[in-house]
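Have a look at the structure below before the remarks.
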Amino acid sequence: MLHFCLETPIELLWFGEFISPEREWKHLTRRLYEYEMMVVTEGELCIGDSDREYTVKAGEYLIMSPTLFQHGTKVCRCRFYWMHFRCPALPASVSLAPHGEFADADAVRTIAELLLSSEAAFPRSVRSRYLATQLLLELCRGREETAAKSETSKSRLCENIRNFVTFHRFSEIRVSDLARELGYHEKYISAVFHAETGVTLKRYLTQCRLDEAKRLLLETDYTVSEVSYYLNFQSPHNFSRFFRKETGMTASEFRNASPPAPTAPTPPTAPASPAASPAPASPPSPSVDAD
C-alpha cells in the first residue's frame, strides 16, 4: 500500500499525456527520483521497477515509487496520462494500492484534461497542484468503490492484514503476530492470503519491510544505522545482512547507485583578439639643474 499526506496539495513536477508510436515502442530505462502516476486509457503499458513487473491495462493506474531501475518490460502500444510528483507519506491522509482500477473513467479524463490545460497556461501553479491532488483522490475513490462491490470475508481478512502491516511497518512482524492479533490460526491466514494475492504472507511481510527501508534510503538523509533502528532491527549489522540478502547489494551501494550525470559539451574557444599595440612612451622630461 502507498500512503500520502494530503494536508496540503501534492508537489506537482510534470504532467502530460503520452501516445505510443505505432510500432516497436518500449518504455525507457532510467532511475526514478520521485513518484510517477500512469493512468492508462488505451492499450497496455508494460513496465517494471527494481522489484517487479506490471502490465497496466486500459482502465487501470500504476503509481511507481522512487526506484533505481524503472524500465519497459516489452514492446507495447498504449495511451496514458503520466504525472511526476512528490508527497510525504506521514501522517497518512489516504492509502491505495500501487496498481489498481479506477471506477469512473469520465471523471478521471475530465480532471486530467483540466490539468493539461492548466499546465499549458500556468505550469506547476496552485490550480495545477490542486487538480493533481484531485486526480489522486479520484483514484482512491475508485479503489474504495471497487472494494465495496467485491468485498468478501477472505478479502476483508487480507485487507485487515495489510492494514495491520501498514500501521506496524516500522516493527518486525511475524505471521504468529498477525494470527494472534486477528484471531486466526497461522496456517489459515497464510493460506487465505496466498490464495487471494498469489504471494506468500511471509514474503509479503519481508517485501513491505524492504520497501520501507528503500524508501528511507532514497528519500531521507538518515544514515544506514539510523534506518536500521527506525525499522526496529536489533542492530545495524542485522539490517545490513537482511538488505544484502534481499537485494544483492549493501544499503550504501543501493543509495549511491545512480547513472553518471551527462557531461556538458565544451563550448568552442573564441579566437584570441589581436594584442593591442603598446602606447608610445612619453618623452623624458628635461632635467633642470639646480642653481
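The values are calculated or read from the model by the stated rules, or taken from the named source; none is laboratory data. Keep in mind that what you see is a predicted model, and the values were worked out from it rather than measured. Heads up, the Cβs are rebuilt from the backbone with ideal geometry, glycines too, and the neighbour counts pull from every protein chain shown. Keep in mind that these areas ignore ligands, DNA and RNA; they rest on the heavy atoms of the full protein, side chains included. Shrake-Rupley method; radii C 1.70, N 1.55, O 1.52, S 1.80 Å.
Annotations for the structure displayed:
- Per-region count, the range 50-72, residues over 10 Å from the mean Cα position of the chain (by Cα), surrounded by 15 or more Cβ atoms within 10 Å (Cβ to Cβ) and in a loop (DSSP other than H, G, I, E, B): 3
- Counting the residues of the range 81-126 that are part of a loop (DSSP other than H, G, I, E, B), open to solvent by 70 Å² or more (accessible area, probe 1.4 Å) and not aromatic (Phe, Trp, Tyr) gives 5.
- Residue, nearest to HIS71 (Cα to Cα), within the range 12-33, restricted to residues that are open to solvent by less than 90 Å² (accessible area, probe 1.4 Å) and among the hydrophobic types (A, V, I, L, M, F, W, C): LEU32
- Scan of the range 189-206 for residues that are of a type in the set (S, T, N, Q), within 19 Å of SER153 (Cβ to Cβ) and out of contact with any helix residue (DSSP H, G or I) (no Cβ under 6 Å at 6 or more places or on another chain), ordered by number: THR197
- TRP82 in contact (Cβ under 8 Å) with a residue 24 or more places away in the chain, over 12 Å from the mean Cα position of the chain (by Cα) and under 24 Å from ALA103 (Cβ atoms): yes
- Pairing each residue of the range 214-233 that is closer than 17 Å to ARG169 by Cα with any residue that is open to solvent by 70 Å² or more (accessible area, probe 1.4 Å), provided the two are 6+ apart or on different chains, yields C-beta distances under 6 Å for LEU216/TYR222; ASN232/GLU172.
- With respect to (1) touching a Phe, Trp or Tyr at 6+ places or on another chain (Cβ under 9 Å); (2) of a type outside the set (Lys, Arg); (3) open to solvent by 60 Å² or more (accessible area, probe 1.4 Å), the lone exception for TYR184 is condition (1).
- Of the candidates TYR230, TYR204, the single residue that is more than 18 Å from THR67 (Cα to Cα) and modelled with pLDDT under 90 is TYR230.
- Reported count of residues in the range 129-159, each being modelled with pLDDT of 90 or more and polar (S, T, N, Q), is 2.
- Checked against the criterion of being within 24 Å of ASP51 (Cβ to Cβ) and at pLDDT below 90, the candidates SER258, SER287 yield just one match: SER258.
- Residues that are among the β-branched types (Val, Ile, Thr) and either open to solvent by less than 30 Å² (accessible area, probe 1.4 Å) or over 25 Å from ARG31 (Cα atoms) (or both), drawn from the range 221-245: VAL227
- Taking the range 160-202 as the range and being among the acidic types (Asp, Glu) and either under 26 Å from the mean Cα position of the chain (by Cα) or within 21 Å of SER95 (Cβ to Cβ) (or both) as the test, the residues that pass are GLU172, ASP177, GLU181, GLU196.
- Consider the range 154-175 and keep the residues that are open to solvent by less than 40 Å² (accessible area, probe 1.4 Å) and in a helix (DSSP H, G or I). The one that is nearest to HIS3 (Cα to Cα) is THR166.
- Close pairs from the range 21-45: first in contact (Cβ under 8 Å) with a residue 24 or more places away in the chain, partner loosely packed, with under 14 Cβ neighbours inside 10 Å and not in a loop (DSSP other than H, G, I, E, B), Cβ under 6 Å, at least 6 apart: GLU34/ARG86; GLU44/LYS57
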